[in-house]
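Heads up: the structure comes next, in structure tokens.
The values are calculated or read from the model by the stated rules, or taken from the named source; none is laboratory data. Being a predicted model, the structure only gives us computed values, none of them experimental. Ideal geometry is used to build each Cβ from the backbone, glycine not excepted, and the neighbour counts take in all protein chains shown. Surface areas here come from the heavy atoms of the whole protein model, side chains and all, with no ligands, DNA or RNA. Shrake-Rupley method; radii C 1.70, N 1.55, O 1.52, S 1.80 Å.
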Amino acid sequence: MLFQVIVSGFVIGCVYGLIALGYSLIYKASGLMNFAQGDVLTLGCFLGYTFYTLLGLPYWLSLIITAAIAFFFGMGEERFIIRKLQNKNVLTVYVVLATISIQYILQNSIQAIWGPNMLSYPRVFPWNNVTIFGVNIQTESVFCIIMSFILMMLLQVFMNHTKFGTAMRASALDAKAAKACGINPSFATGVTWGIAAALAATAGILLGPIYGVFIMLGQTIGRKGFAAAIMGGYGNVIGAIVGGVLLGLIETMSAAYWSSTYKDMIAYGLLLIFLYVKPTGIFNEKALNR
Amino acid sequence: MKRLLELKGFCYSYGNIQVVKGIDLYVDEGEIVTLIGSNGAGKTTTMQSISGLNPVSGVKGEIWFDGERIDHLKGNLIAAKGLCQVLEGRHIFSQLTVEENLMIGAYTRKDKKEIQKDIDGMYKLFPRLEERKKQDGGTLSGGEQQMLAIARALVAKPKLLLLDEPSLGLAPIIVEEIFRAIVKIREQGTTILFVEQNSNIALATAERGYVMQTGEIIMADSCENLRNNDEVKKAYLGE
Ligand SMILES: Nc1ncnc2c1ncn2[C@@H]1O[C@H](COP(=O)(O)OP(=O)(O)OP(=O)(O)O)[C@@H](O)[C@H]1O
Ligand SMILES: [Mg+2]
């Protein structure tokens, strides 16, 4: 029982982590919070469903196409909406409000395209369960955890050990200086939004076979991913992962051993206490206005 | 001698306030030229416009670099052409290591194999940077940050190096060290245009100088003549 609880905690925790990574990347690059992040997960889930279930493409191919579409969606969102607003020098809250608009437009569009009913993926793997430590675990759950960790590691390597990743970090820190070094900061920011969206959509297609496909899937997860990003230290990439897994575990544990009705209350109560005690997050990101 | 940089009737306005009012300025290949002037004269505006870092909507007049008109190009493209600037206030990437800062400096270069050699060359020019190469840029002292900013621009192998107030906020002894490095960079063949508040050291370092006042160039001459000019002496050299 305990082991199964931990595994499901990890599954949802990894998904929070992927979403939180997106929040952190966007925050670093644009100084914003993007409310639409969770709904891109929903979009990914539906796109994956379309390619895999409706069109019968292989699961891995559906995953790649979905991530690619989401990448361009994120890049477009930044270029045609966010940057246009930022160039007008409006207050940050206006831009955040724009992301809320995008969130609802996205939700409604998904409903318009795919309808309001809950859908489900067929099994992805020919075997239903894998046995770990004598406990049966759904194969898709294990896959979700492994894929999440692979993605997080790839992102870490990309950001820290490639020329373009380093250039993206440089642009996020100081756009003018980056430009003076020959980097196109707008492009770097766009790619950052693209990666954030691709991560979210991938989380969606990983989660689809486990949770089902429905319109509101991403909204709650999006908010919790945001909570995870802050717990880890808003803007900190490693922190996002740790925060995500931690929140997933806390939530799943409280549901299993305490009350599933009050699991959100418990998780968010802890978050409030956490904010008070350690506003800089686990990884000490700058959070205080000084 | 080849004309590397030329401004013709260059004006710049922020909104409808014109802060640079039609200046002519040139730098030939191999020269070291300074632009001096008091606070708010428009020096930084001019420098950053040359590098394409100011909104181009404010630009009037022409800027030519290496035979090409660049006044409406994006800053990153200008940098890629070999016109690199050490920005006023240093602008190093605070959360990137010294080494990463230098790697970013070489961002536009295609000859990957040579980059590490040139970074090592920078460590020779500024040994203090080598000791700190794994350290975040933000943890360096002001002087070290200025050295890093200069080194970062140099690893791009620029045809023309612009420096905006390299002495800003530094102790006199560090200022001397920085200027010794600038002279060395010049001797190694890089053409330089620099802005400086410290007119004494500027006119002692450069060959030619421009004096800017409220958006206009009021004097242009060899540094020797400028040093001996009574007006300059009184207004800028504190004599
Ligand atoms: N972004 C901006 N928006 C509006 N006005 C500006 C802006 N930047 C500079 N100015 C104005 O343009 C004028 C010239 O400024 P600039 O920074 O070019 O002067 P400077 O010669 O570099 O001065 P300093 O020696 O103090 O660095 C100043 O009056 C300044 O207030
Ligand atoms: Mg200035």
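Between beta-carbons, use under 12 Å as the cut-off and find the net charge around B:Lys21, counting Lys and Arg +1, Asp and Glu -1.
So the environment of B:Lys21 carries a net charge of -1.
Calculated from DSSP H runs of 4 or more alone, at -39500 (n - 2.57) each and per residue, what is the 222 nm mean residue ellipticity of chain B, nearest 500? Don't skip to the answer; put the middle values down first.
Numbers: 10 runs with 90 residues, N = 239.
Taking each H run of at least 4 residues, the total per residue is -10500 deg cm²/dmol.
Between helix A:139-161 and chain A, what is the angle of the helix's C-alpha long axis to the longest principal axis, kept within 0 to 90° and rounded to the nearest 10?
The angle comes out near 20 degrees.
With a point put 7 Å past each Cα toward its Cβ, work out how far A:Phe125 is from A:Leu275 in nm, to one decimal.
Using points 7 Å along Cα→Cβ, the separation is 3.8 nm.
I need the calculated FRET efficiency for the pair B:Ser141 and B:Gln197, taking r as the beta carbon distance and R₀ as 35 Å, to the nearest 0.05. Walk me through the numbers before you get to the answer.
Numbers: r = 20 Å, r/R0 = 0.57.
With R0 = 35 Å, the Cβ-Cβ based efficiency is 0.95.
Shielding by partners for B:83-92, please: the mean number of other protein chain Cβ atoms within 10 Å of each residue's Cβ.
Values: counts 1, 3, 3, 2, 4, 0, 2, 1, 7, 4.
The mean count of partner-chain Cβ atoms within 10 Å per residue comes to 3.
In nm, to one decimal, how far is the modelled label at A:Thr162 from the one at B:Lys60, with both set 7 Å along Cα→Cβ?
Going from the A:Thr162 label point to the B:Lys60 one covers 4.6 nm.
Between rounded, prolate and oblate, where does region B:70-168 land on the alpha carbon gyration tensor, with a ≥ b ≥ c its root eigenvalues, rounded for a/c under 1.5, else prolate if a/b exceeds b/c? Don't skip to the answer; put the middle values down first.
Numbers: a/c = 1.85, a/b = 1.27, b/c = 1.45.
Cα axes put region B:70-168 in the oblate bin.
Kirkwood-based Rg over Rh for chain B (C-alpha set), two decimals?
Numbers: Rg = 17.3 Å, Rh = 18.1 Å.
Value, to two decimals: 0.96.
Top mean-square fluctuation among B:Ala220, B:Ala79, B:Ala171, Gaussian network model of chain B, C-alpha springs under 10 Å?
B:Ala171
For the pairs B:Lys159/B:Lys233; A:Lys84/A:Lys224; A:Lys163/B:Lys60; B:Lys8/B:Lys74; A:Lys179/B:Lys43, note any where the Cα-Cα span goes beyond 30 Å.
Details: B:Lys159/B:Lys233 32 Å; A:Lys84/A:Lys224 28 Å; A:Lys163/B:Lys60 36 Å; B:Lys8/B:Lys74 19 Å; A:Lys179/B:Lys43 19 Å.
Among B:Lys159/B:Lys233; A:Lys84/A:Lys224; A:Lys163/B:Lys60; B:Lys8/B:Lys74; A:Lys179/B:Lys43, the Cα-Cα distance tops 30 Å for B:Lys159/B:Lys233; A:Lys163/B:Lys60.
Among residues other than B:Arg3 whose Cβ falls under 14 Å from its Cβ, what is the net charge (Lys/Arg +1, Asp/Glu -1)? Before the final figure, lay out each step's value.
Values: positive: B:Lys2, B:Lys8, B:Arg69, B:Lys159, B:Arg208; negative: B:Glu6, B:Asp24, B:Asp28, B:Glu29, B:Glu31, B:Glu62, B:Asp66, B:Glu68.
Summing Lys and Arg as +1 and Asp and Glu as -1 gives -3.
Mind telling me which of B:Ala149, B:Ala181, B:Ala106 comes out most flexible in a GNM of chain B, alpha-carbon contacts under 10 Å?
B:Ala181
I'd like the interface area for chains A and B: accessible area of each alone minus the complex, both sides summed, 1.4 Å probe, protein heavy atoms only. What is it in Å² to the nearest 100?
On the way: alone 13960 and 11390 Å², together 23470 Å².
Buried: approximately 1900 Å² between B and A.
Round to the nearest 0.05 the FRET efficiency obtained for B:Asp28 and A:Thr92 when R0 = 45 Å and r is the Cβ-Cβ distance. Intermediate results must be reported in sequence, preceding the final value.
Values: r = 46 Å, r/R0 = 1.03.
The formula returns an efficiency of 0.45 here.
Work through the residues other than B:Leu226 whose Cβ is under 14 Å from its Cβ and net out their charges, Lys, Arg +1 and Asp, Glu -1. List each step's numbers first, then the result.
Values: positive: B:Arg208, B:Arg227, B:Lys233, B:Lys234; negative: B:Glu196, B:Glu207, B:Asp221, B:Glu224, B:Asp230, B:Glu231, B:Glu239.
Net charge around B:Leu226: -3.
For A:Trp258, A:Trp60, B:Trp64, A:Trp127, what's the largest-to-smallest order of accessible area, 1.4 Å probe?
The residues order as A:Trp258, A:Trp60, A:Trp127, B:Trp64, largest area first.
Between rounded, prolate and oblate, where does region B:1-96 land on the alpha carbon gyration tensor, with a ≥ b ≥ c its root eigenvalues, rounded for a/c under 1.5, else prolate if a/b exceeds b/c? Please report the intermediate quantities before stating the final value.
On the way: a/c = 1.28, a/b = 1.01, b/c = 1.27.
Note, shape of region B:1-96 comes out rounded.
How about region A:176-225: which of its residues lose at least 40 Å² of accessible area in the presence of all protein chains relative to their chain isolated, using a 1.4 Å probe?
Correct list: A:Lys176, A:Ala177, A:Lys179, A:Ala180, A:Cys181, A:Gly182.
Computing the accessible area with a 1.4 Å probe over protein heavy atoms, can you report the carbon and sulfur percentage for the protein assembly as shown? It would help to have the intermediate numbers written out before the result.
Working: 13920 of 23470 Å².
Carbon and sulfur atoms account for 59 percent of the accessible area of the protein assembly as shown.
Can you give me the angle between helix A:217-232 and the longest principal axis of chain A, using Cα atoms only, in degrees from 0 to 90, rounded to the nearest 10?
Long axis of A:217-232 versus the principal axis of chain A: about 60 degrees.
Before I look further, what does the protein assembly as shown give for accessible area per residue, probe 1.4 Å, in whole square angstrom?
Numbers: 23470 Å² over 529 residues.
Ligands and nucleic acids excluded, the figure is 44 Å² per residue.
On alpha carbon coordinates alone, what is the Rg over Rh value for region A:2-277, Rh being the Kirkwood radius?
0.97
Place the peptides A:176-183, B:14-21, B:28-35, A:80-87 in order of packing, highest mean first, counting for every residue the other Cβ atoms within 10 Å and averaging per peptide. Walk me through the numbers before you get to the answer.
On the way: A:176-183: 25.0, B:14-21: 13.6, B:28-35: 19.4, A:80-87: 15.2.
Result, highest mean first: A:176-183, B:28-35, A:80-87, B:14-21.
Need the per-residue list for region B:43-58: every residue with at least 50 Å² less accessible surface in the complex of protein chains than in the chain by itself, probe 1.4 Å, sorted by number.
B:Leu53
Would you mind calculating the gained length between B:Thr214 and B:Met1 on full extension (0.36 nm times residue separation, minus the Cα-Cα distance), in nm to one decimal?
On the way: separation 213, 0.36 × 213 = 76.68 nm, distance 3.09 nm.
Taking 0.36 nm per residue and subtracting the Cα distance, the gain is 73.6 nm.
Using a 1.4 angstrom probe on the protein heavy atoms only, line up B:His91, B:His72 by accessible area, largest first.
Numbers: B:His91 55, B:His72 115 Å².
Sorted descending by solvent-accessible area, the residues read B:His72, B:His91.
Can you tell me how the protein assembly as shown classifies by the Cα gyration tensor, rounded, prolate or oblate, using a/c under 1.5 as the rounded cut?
On the way: a/c = 2.64, a/b = 2.34, b/c = 1.13.
It is prolate, given that a/c is not under 1.5 and a/b is the larger ratio.
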